[in-house]
Amino acid sequence: MLQVKRFNRLYHYWSSWSLKQRVTFAVQLFAILGILCLPVISIAALVLTLAVLNMTLGIRRFYVKVLTFLFDYATKIKKDKEIAIEADFVSMGPSTPHSELHFADSSIDSAIELSPLDAMKKEDDAAQSSRISRASSQSDIQFRFSDILDYTRQGLEAIVDDEVTKRFTSADEMAVWNLLTRTQQQHELFSLRVTILWFLGFLIRYFILFPFRLCLFFLAMFWMMGAILFLKYLPISKGKLRFGFYINIVLHRILSRVFSAIITFHNTEHRAKCGSICVANHTSPIDVIILSTDNGFSMIGQKHGGFFGLVQRSLSQTANHIWFERSETKDRHMVAEKMREHIKNPTNLPILIFPEGTCINNTSVMMFKKGCFEIDEAPIYPVAIKYDNRFGDAFWNSSKHQLVQYLILMMTSWAIVVDVYYLPPMRIQPNELSTDFARRVKAAIAKQGGFVDLEWDGGLKRSLPKADFREEEQRKFYEMLKTE
Amino acid sequence: MGATASVPDTIDVDEITFNTGKWRLSKRQISSLWTRFYELDRDGRGDAKGYKGYLDAVDLGRVPKFNQNPIAKRLIKVIFDDFGSNGKLTFRQFVDFMSTFAQRERGSHNQRRRSSAQTITSTTKTDLESIRYCPNDTARTRKIKFIFRMYDVDHDGRLSKEDVQEILKMMVGQISDEEASIIAEKVVGEFTERQTNSTVSLENFESTLHTLDFNDKMGLKLLK
């Protein structure tokens, strides 16, 4: 009852004003709102301008320098504390002459290397040859008790550490702690200074950086919507594709600021040109954004429904992308045909492909699927993408995090520091198999990025290894027995 | 997106370090093992989210390098029989198992010299008893017992021709029973001075490996 009365009173008051008074009031209201929102609007305008002109104020690089200094400081404190605690721990335990006491200095990390197997084998041969020296008259196969030792040892070593499994989780602990509890293995916050630093970092990341980045994200969405509307009503002409190209790049530059990405491009003379295929190693969904800040690409993929389908359709306004029906993806031939068609048109942008098929943790490159390497009309432009883990781990462990969760983790990291290396174009040689060509390209990318070059299939992330490999090993062992 | 959390509070690291006795691993090594355990432990669909809290044979089989090893199946059987329970391996058991094979680091030279002088003296133990693990075994002894058990397929405490035959078949895959039988006989014969139908005991076995620097060959680096 009271509210209605108040409202009636206000209404009477309002209607008693003259027009002039009403206009003055409205203008005053908007002016106040404008002043309050001024920082937001001006920052948005600033970011937009920078994105369009491809300039940078250098703020992010400075920020990264400050962070590096902070991390070194925090790690130093942590190490000092750690030494103190290890010393206590060691002196606490029972002293036995057989136990190996670890002295907490940096030499802990350099564990003594195992002596190479060959040296041991030689000793082994010499010792055993005196025992089993006669070649049997019935068969010339020599088998020793110690043969099982090697395989046992290899088996145990594989349990402790193997080349493949560790590529599907984030890389190991770093020498310098980056004040993110999500990465460190032993971050027991036993020092007050470090705890304070971490807490401050937490506040800054979640309550200052994250909202700011979220606003930038909305800015990017507005830009895209505005651009799509603009393009829709523009008559189809040559200019439309040029507009689309630049709109795309600006969009991705804004998006890269959402993640505070600091990208350094190397060898830009080898940037992919129209009518070619660009291949890169895959670490995260952000790869696409990073590559697109410098060049426009045609995406290739499955048609989705829902929100993502909407995104696909709107992107299709800016450039010609290749989208498939779900049923068509199995048909490799059709995929290759569509790609060939796309390449023939000289105004079409280069196709971007990630031949690994899945996200790998940026320490290695896994087997490239040979599909796109079979197309010999187009040159392949390899690209190596190397992330610097210190400021934020970009690897998407899809079995651990959902996409949205992952994006939020990205937006609350310090920054994403990335080096992108363009490599000179490669073409398939006349008598080369597509698998060999794929391997060659992979080796080039691995070499440039400093990755370990593995032949294993990225699909091992989810599926069990095949039995063929074991049969191969068994056959090899048999051969070895025979030749001795 | 960390590799792991630090070792969770449900697992008392200090307790583990204390109780692995003479082969006490450092905190760092245990953390390293924890990372590995966490990496290997997945649910039925291979997803990392399904953390079971123990390892089973499928988890180990998922490692490609391990899976292609010819004696992988036998190794799994021995590990789970000796160290696990009901086909499961908890973290404590995992550490226990790994501590047998951890490489000795600096300061171990004395230990090596001393232990090579030791031999397994079986007094009045039965065969079965002699291959069981004892708390006061040296690292070397434990490793030897482990390898012996790898060979001893029928688990009777002695290596017979049949045991060696089984192992050979497993390691080579395609081999005829006859050929395997011949080789097995020859191998066993070397150690029992050509007495037919006899078997190799733990002592005999141990003496064949005497000349090898066993600890080195079977020592693993546990820190990544």
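The values are calculated or read from the model by the stated rules, or taken from the named source; none is laboratory data. Just so we're clear, the structure is a prediction, and the values are computed from it rather than from any experiment. All Cβ positions, glycine included, derive from the backbone under ideal geometry; neighbour counts span all protein chains shown. What goes into the accessible areas is simple: the full protein's heavy atoms, side chains included, and nothing from ligands, DNA or RNA. Shrake-Rupley method; radii C 1.70, N 1.55, O 1.52, S 1.80 Å.
Here each label is just a point 7 Å from Cα along the line to Cβ, and for residue A:338 and residue A:316 those points are 1.0 nm apart. For the pair the stretch A:229-253 and the stretch A:307-374, the centres of their Cα atoms are 21 angstrom apart.
Checking the a/c ratio against 1.5 first, then a/b against b/c, what shape does the Cα gyration tensor give for the stretch A:442-484? Because a/c hits 1.5 or more and a/b fails to exceed b/c, the stretch A:442-484 counts as oblate. Remark: mean inter-chain Cβ contacts per residue of A:243-249 equal 0, using a 10 Å Cβ-Cβ cutoff to other protein chain atoms. For the segment A:471-478, counting C-beta atoms of other chains within 10 Å of every residue's C-beta and taking the mean gives 6. Taken residue by residue and averaged, Cβ atoms of other chains lying within 10 Å of the Cβ of A:38-49 number 0.
The slack between residue A:377 and residue A:443, meaning 0.36 nm per residue of separation minus the straight C-alpha distance, is 21.6 nm. Extending 7 Å from Cα along the Cβ direction at residue A:16 and again at residue A:218 yields two label points whose distance is 3.8 nm. Hey, with R₀ at 25 Å, roughly what FRET efficiency would residue A:81 and residue A:203 work out to, going by the Cβ-Cβ distance, to 0.05? Once the sixth-power term is evaluated, E becomes 0.65.
Checking the Cα-Cα distances for A:338/A:369; A:240/A:369; A:442/B:27; B:77/B:186; A:338/A:442 against a 29 Å cut-off, the pairs over it are A:240/A:369; A:442/B:27. Taking 35 Å as R0, compute the FRET efficiency from the Cβ-Cβ separation of residue A:237 and residue A:46 and round it to 0.05. Computed FRET efficiency for residue A:237 and residue A:46 comes out at 0.65. For the B and A pair, go ahead and give the buried accessible area with a 1.4 Å probe, both sides summed, in Å² to 100. Separately minus together, B and A give about 8800 Å² buried. Per-residue packing, averaged as other Cβ atoms within 10 Å, sorts the ranges A:289-297, A:407-415, A:47-55 into the order A:289-297, A:407-415, A:47-55, beginning with the highest. Within the shell of other residues whose beta carbon sits under 10 angstrom from the beta carbon of residue B:83, the net charge comes to -2, with Lys and Arg scored +1 and Asp and Glu -1. Segment residue A:62..residue A:229, full-extension length gain: 56.4 nm, with 0.36 nm per residue of separation and the alpha-carbon distance subtracted.
For the stretch A:192-473, pairs of C-alpha atoms spaced more than 28 angstrom apart make up 41 percent of the total.
Computed extension gain for residue A:38 through residue A:307, at 0.36 nm per residue and net of the alpha carbon distance, reaches 93.6 nm.
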